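The values are calculated or read from the model by the stated rules, or taken from the named source; none is laboratory data. In this text, all values refer to a predicted model and were calculated from it rather than measured experimentally. Cβ coordinates were reconstructed from backbone atoms using ideal geometry, including for glycine residues, and neighbour counts include every protein chain displayed.
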Amino acid sequence: MNLRKLIFTNNACYKAGRTIIPKGIMVHSTGANNPNLRRYVGPDDGLLGKNQYNNHWNQDKPGGRQVCVHAFIGKLADGSIATYQTLPWNHRGWHCASGSKGSGNDTHISIEICEDALTDVSYFKAVYKEATELCAYLCKEYKLDPAVDGVIIGHFEGHKRGIASNHADPGHWFPKHGKSMDTFRSDVQKLLADSGLPKPETPTSTPNEEAIWNHLTGKGLNAFAVAGIMGNLYAESGLKPTNLQNSYEKSLGYTDAGYTAAVDNGSYTNFVKDRAGYGLAQWTFWSRKQALLDFAKAAGKSIGDMTMQLDFLWKELQAYKAVMSTLKSATSVKQASDAVLTGYEKPADQGDTAKRKRAGYSQGYYDKYVKTVTSTPKKHYCIQVGAFSVKANAEAFLAKVKASGFTDAFIKYSE
Ligand SMILES: [Zn+2]
């Protein structure tokens, strides 16, 4: 990060002199094709270069508007990237609504990334990286946790949360380069990983995880969604389909295996109404346990059968429309994990710590299965023999090749 300072002391916002306790960071982008810092930050300090129109924001009301942000990221005169802090970080900015309106101004530090024509890959990479580093720095300064919902948000997300005006930035830009606010947050988290914040817990290996990964992947879900489901199932049951909720083992007098066998052979008859969580998703409520039991019976499977439970879970999920729609279009592990937690599993504790914990498990599965799957591409060594002008000769030659063991040999026709 190349952090410099030029406080906008002439701006009416600075002169208003109000302070905040920073609760988060709002990321903006300028919405105009001009990557040069000097367009917004001035006067020239020898690095910025001269703004010949003198229309930078270090004036009472830039362009007649009541606007001011805490930092700009863009190009110096020599083309290198820098961050300029333009307000004290705990000053109340005017960034997400005009003047005094917009409650995001009361809580969030604002950073504004200078847009270019939105197509330059190397410029985007550089300012995106600079912005993640600035956010990691601010998170440390103000003890902010980027994994907590609402701490680091884009302007467009601020609008969705009802704390900012209706702007699209930077959501119209990041996806053009394969990024999103979700990737941004997780990149900031990575930067902070070694700086004192608790590291996310990862799941310990369990015998069923690969089969569950493959089963759910087979349903057509992407890796973020599959990981998000699995992190939650791990938190519920440790991915053990015969898991009887621990607190009920004593009161019911059963082990996992004993309970499962007793339900299967009919000697235990209170499965539906005993209020004990059971199985991969720790199904607890009577109507869901009834449905699970009916499903197992119809399939002729044990109540503890893993594949049966996964199929049941899949069937259940179809009724959770919002969760399914998030899963089908998931763009991050955290997004999928949070959706399953708050929309499907709905445990008593849905707070940030629970979210963080489950997202950590989910990320563990993602890292384990996506990386091992994608990092070993198959190599092919192709041999092309030549061309025959008579089709019958080509076929005769192919027959010889195949006879010698090259089962993949084929003829490419061009007639
Ligand atoms: Zn904005």
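Of note:
- Output for region 272-287, where each listed residue is buried (at least 17 other Cβ atoms within 10 Å of the Cβ) and either over 18 Å from Ala257 (Cα atoms) or in contact (Cβ under 8 Å) with a residue 12 or more places away in the chain (or both): Val272, Asp274, Ala276, Gly277, Tyr278, Gly279, Leu280, Ala281, Gln282, Thr284
- Region 1-60: number of residues that are aliphatic (A, V, I, L, M), more than 25 Å from Ala117 (Cα to Cα) and surrounded by fewer than 18 Cβ atoms within 10 Å (Cβ to Cβ): 5
- Once region 12-32 is narrowed to residues that are under 22 Å from Phe184 (Cα atoms) and in contact with an Asp or Glu (Cβ under 7 Å, 6 or more places away or on another chain), the residue that is farthest from the ligand (Cβ to nearest atom) is Ala32.
- Pairs where the first residue, in region 242-256, is aromatic (Phe, Trp, Tyr) and the second is in a loop (DSSP other than H, G, I, E, B), C-beta under 7 Å, 6+ apart: Tyr248/Ala276
- Residue match in region 62-70 (condition: touching a residue at least 12 places away in the same chain (Cβ under 8 Å), away from the ligand (no atom under 15 Å from the Cβ) and of a type in the set (D, E, K, R)): no
Rundown of residues vs (1) within 16 Å of the ligand (Cβ to nearest atom); (2) among the basic types (Lys, Arg), yes/no style:
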{"position": "Tyr142", "(1), (2)": "no, no"}
{"position": "Asp145", "(1), (2)": "no, no"}
{"position": "Glu157", "(1), (2)": "yes, no"}
{"position": "Lys160", "(1), (2)": "yes, yes"}
{"position": "His177", "(1), (2)": "no, no"}
{"position": "Lys190", "(1), (2)": "no, yes"}
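- Meets criteria (surrounded by fewer than 23 Cβ atoms within 10 Å (Cβ to Cβ), among the hydroxyl-bearing types (Ser, Thr, Tyr), under 21 Å from the mean Cα position of the chain (by Cα) and more than 15 Å from the ligand (Cβ to nearest atom)) for Tyr137: yes
- Highlighted here are the helices (runs of 4 or more DSSP H) found entirely within region 294-361 that include at least 1 residues which are surrounded by fewer than 16 Cβ atoms within 10 Å (Cβ to Cβ) and modelled with pLDDT of 95 or more: 306-317, 321-328.
- Verdict on Ala147 being in a loop (DSSP other than H, G, I, E, B) and over 23 Å from Lys75 (Cβ atoms): yes
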